[in-house]
Amino acid sequence: EPIIEFKEVAKSYQRGDRIFYALRHVNLTIHEGEMVVILGPSGAGKSTLLNLLGGMDTATEGSIIFEGVDITKYNDNQLTQYRAKNVGVVFQFYNLIPTLTAYENVALMKEIEENTLDPKKCMEAVGLGEHFHQFPAQMSGGEQQRTSIARALAKNPKLLLCDEPTGALDTETGRGVLELLQKMSSESRHTVIMVTHNSSFADIANKVIRVKNGTVESITINQKPINAN
Ligand code: ADP
Ligand code: ADP
């Protein structure tokens, strides 16, 4: 089952008296439960693609079909609902609230969204059962990133979007985070879409989308993705 499809999608900006395309002619299909890696150099259009997938930004051309519905037809209100219901986001620098404990950061989702999962279970799922009462500053980078993954997981999102989630971590800790994301796609059927400039992560994905100069250069499918660990 495709969860999301792009048909001739473009995102352009006005630059002075010219139109600049951050992305154009994007056609792709992502299936439920896939682990997708979006690869490409800085400025290629990766974040733009991730933002369009998550309804954080709007296309200027083309259609984006989520579960059969064209979300480019949505108004602001509908798009906000789309994000709330379907999209969890993990950032490079975690974006945790420093004055709240790890548990409180994850439980915050309950205040904001409906139908959230038990924050305790989410923290246990990412291996943070012992860290409920710690503040972000008292945790390692890897633990903070796992807290932010638990927070995204608490929404029980269909799409889990990750922007350079290992960018601030050392190689080994980063592998642990990748392994966790891989597990979430294979065991929990979350569709995980990760942006990175690190091409060594390509082999952990089911599908690799290579972006360059505002276009999709290639889409490859890995029959046997290697385990992140
Ligand atoms: P607006 O004032 O219409 O909201 P923005 O604040 O998005 O426009 O952008 C102001 C200017 O900065 C524009 O010319 C835009 O091209 C440029 N700009 C904004 N964000 C970026 C970015 N991430 N990369 C490159 N240029 C950008
Ligand atoms: P990447 O994530 O691969 O580094 P981006 O998607 O952030 O690339 O950006 C792709 C291109 O679009 C870049 O040239 C960037 O400067 C431009 N861009 C991104 N956001 C804006 C914006 N708000 N306004 C104008 N240009 C932008």
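The values are calculated or read from the model by the stated rules, or taken from the named source; none is laboratory data. Source: prediction; values computed, not measured. Cβ sites come from the backbone with ideal geometry, for glycine too, and all protein chains shown count toward neighbours. Surface areas here come from the heavy atoms of the whole protein model, side chains and all, with no ligands, DNA or RNA. Shrake-Rupley method; radii C 1.70, N 1.55, O 1.52, S 1.80 Å.
What to note about this one:
- In the context of the full set of protein chains, the chain has a per residue accessible area of 50 Å² (1.4 Å probe).
- Within the straight-line cut-off of under 20 Å between alpha carbons, the aspartates and glutamates reachable from residue 110 are 118, 124, sequence neighbours fewer than 8 places apart in one chain being disregarded.
- Cross-link reach list, lysines versus residue 207, counting only Cα pairs under 21 Å and skipping chain neighbours closer than eight places: 7, 46, 158, 183, 224
- With Cα atoms, 0 to 90° folded angle of helix 171-188 axis to the chain main axis: 80 degrees
- C-alpha long axis of helix 102-112 to longest principal axis of the chain, angle in °: 50 degrees
- The amide H of residue 195, built 1.01 Å from its N in the peptide plane, has 38, 162, 163, 164 as neighbours under 5 Å, considering only residues 5 or more places off or on other chains.
- Per-residue [θ]222 nm for the chain (sum of -39500 (n - 2.57) over DSSP H runs n ≥ 4, rounded to 500): -9000 deg cm²/dmol
- Site pair residue 84 and residue 217 shows an inter-label distance of 4.0 nm when each label is modelled 7 Å from Cα along Cα→Cβ.
- The apolar share of the surface of the chain, taken as the fraction of accessible area on carbon and sulfur atoms (1.4 Å probe, ligands and nucleic acids excluded), comes to 46 percent.
- Charge tally in the Cβ shell below 11 Å around residue 58, where Lys, Arg are +1 and Asp, Glu are -1, residue 58 excluded: -1
- In the distance distribution for the stretch 1-118, Cα-Cα pairs more than 23 Å apart total 41 percent.
- The mean sequence separation of alpha-carbon pairs under 8 Å and at least six residues apart, normalised by the residue count of the stretch 3-71, gives a relative contact order of 43 percent.
- Distance between the 7 Å Cα→Cβ label points at residue 226 and residue 110: 4.2 nm.
- Stokes-Einstein translational diffusion, the stretch 53-168 - Kirkwood Rh over all Cα pairs, 1.567 mPa s, 4 °C, in µm²/s: 87 µm²/s
- Each residue of the stretch 71-136 gets 112 Å³ once the volume of the Cα convex hull is shared out per residue.
- Computed as a quarter of the hull surface, the mean projected area of the alpha carbon convex hull for the chain stands at 12.8 nm².
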